[in-house]
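Structure first, commentary second.
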């Protein structure tokens, strides 16, 4: 069993990928954008009082929760599949922050679903703000995993030779008069 300080020598490539692209990394953009959109809908509802923005907040929080669960499943599978990923404390920090984010987004959606517009002030807006804090925390830890530890990054073998330049057919030059 590897120790924490030996984690840098373990494989950290993505095992849950589609055509070489990590699925978790592709999916997290949706709950992030939808959490920000929920806060925007709350602010616009507060300023304008238009019920349209209450509906937008309901849909963005609901879809944000659903897409967050899917991204969380892909991230959990990635975490459990790779020993090099499991052994890094940042992986667990990211997972905990992401689970807290899911709890907040889910609570925000449930509150809106059950109580409609009455849920927006003060608790819906508060949960949207707290959600944005957890987006930042989870994103910061996820960024550390990618940029500092190259988790899920495809790095080519150094033994591979460069691809040769394609030979192009010669074009007959015409004389200009």
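The values are calculated or read from the model by the stated rules, or taken from the named source; none is laboratory data. Model, not experiment: these values are computed from the prediction. For neighbour counting, all protein chains shown are included, and Cβ atoms are generated from backbone atoms with ideal geometry for every residue, glycine included.
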In this structure, does residue 32 turn out to be within 26 Å of residue 144 (Cα to Cα) and either touching a strand residue (DSSP E or B) at 6+ places or on another chain (Cβ under 8 Å) or modelled with pLDDT of 95 or more (or both)?
yes
With respect to the numbered conditions (1) touching a strand residue (DSSP E or B) at 6+ places or on another chain (Cβ under 8 Å); (2) within 16 Å of residue 40 (Cβ to Cβ), which one is the sole condition not fulfilled by residue 120?
(1)
Hey, can you tell me all the residues within the range 37-58 that are surrounded by fewer than 20 Cβ atoms within 10 Å (Cβ to Cβ) and either in contact (Cβ under 8 Å) with a residue 60 or more places away in the chain or over 18 Å from residue 132 (Cβ atoms) (or both)?
43, 46, 48, 49, 50, 51, 52, 55
Only one of (1) modelled with pLDDT under 95; (2) part of a helix (DSSP H, G or I); (3) more than 17 Å from residue 134 (Cβ to Cβ) is not met by residue 24, so which one is it?
(3)
Residue 34 vs. criteria closer than 21 Å to residue 94 by Cβ and in contact (Cβ under 8 Å) with a residue 24 or more places away in the chain:
yes
